[in-house]
1. Checking the conditions here, which among L39, L56 is surrounded by 19 or more Cβ atoms within 10 Å (Cβ to Cβ) and over 13 Å from the mean Cα position of the chain (by Cα)?
2. Check the range 74-88 and report whether any residue there is in contact with a strand residue (DSSP E or B) (Cβ under 7 Å, 6 or more places away or on another chain) and within 20 Å of S104 (Cβ to Cβ).
3. Restricting attention to helices (runs of 4 or more DSSP H) lying wholly within the range 38-105, give those where 1 or more residues are more than 18 Å from R2 (Cβ to Cβ) and touching a residue at least 60 places away in the same chain (Cβ under 8 Å).
4. So, in the range 67-78, how many residues would count as being at pLDDT below 90 and either open to solvent by less than 90 Å² (accessible area, probe 1.4 Å) or closer than 16 Å to S32 by Cβ (or both)?
5. Would you point out the residue of the range 59-105, among those that are aliphatic (A, V, I, L, M) and farther than 16 Å from L19 by Cβ, that is farthest from the chain's Cα centre (by Cα)?
6. Looking at the range 1-36, which of its residues are more than 18 Å from Q86 (Cβ to Cβ), touching a residue at least 40 places away in the same chain (Cβ under 8 Å) and more than 14 Å from the chain's Cα centre (by Cα)?
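The values are calculated or read from the model by the stated rules, or taken from the named source; none is laboratory data. As the structure is a prediction and not an experimental result, all values here were calculated from the model. As a convention, Cβ positions derive from the backbone with ideal geometry for all residues, glycine included, and neighbour counts pool all protein chains shown. Areas reflect the complete protein model, heavy atoms only, side chains present, ligands, DNA and RNA absent. Shrake-Rupley method; radii C 1.70, N 1.55, O 1.52, S 1.80 Å.
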Amino acid sequence: MRLEILEKKLVEALVVLLLNAKGKVVSIKATSLVKIAGLGHDHSAILKAARFLQKLSKYQFIRVAASTNRNKTCRYMIKDGDELWQLVRRDPERAKELILKIISQ
């Protein structure tokens, strides 16, 4: 699958996840984001999702959660006061465009 299509599906899945959130914190792992995006269990998609989440954390849109277990899986958190959460709640389409623009850099 082409990288642009994959990134677009991951962004849409992230926005849907934030729009449907019922609590004040959303935690995400690369594997769960890939499942939400409908990409199955493809290992290359999981690695690309991990890089996608890593880029978002680099630009401080999401945070890396403190790891309490021994595995190497990173868990990312978005709280209701974060900029990304507020942007998705106000204007989901603009949030998608902004995330895609940031990821393409």
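1. Values: L56 fails: over 13 Å from the mean Cα position of the chain (by Cα).
The conditions single out L39.
2. yes
3. Working: elements: 43-58, 83-90, 92-104.
The helices (runs of 4 or more DSSP H) meeting that bar are 83-90, 92-104.
4. Of the residues in the range 67-78, the ones at pLDDT below 90 are 67-74.
Filter once more, keeping what is either open to solvent by less than 90 Å² (accessible area, probe 1.4 Å) or closer than 16 Å to S32 by Cβ (or both): 67, 69, 71-74.
Matching residues across the range 67-78 total 6.
5. Quick first cut of the range 59-105, residues aliphatic (A, V, I, L, M) only: 62, 64-66, 77-78, 84, 87-88, 95, 98-100, 102-103.
Filter once more, keeping what is farther than 16 Å from L19 by Cβ: 64-66, 77, 100, 102-103.
Working: V64: 11, A65: 13, A66: 17, M77: 9, L100: 11, I102: 13, I103: 11 Å.
So the residue we want is A66.
6. M1, L3
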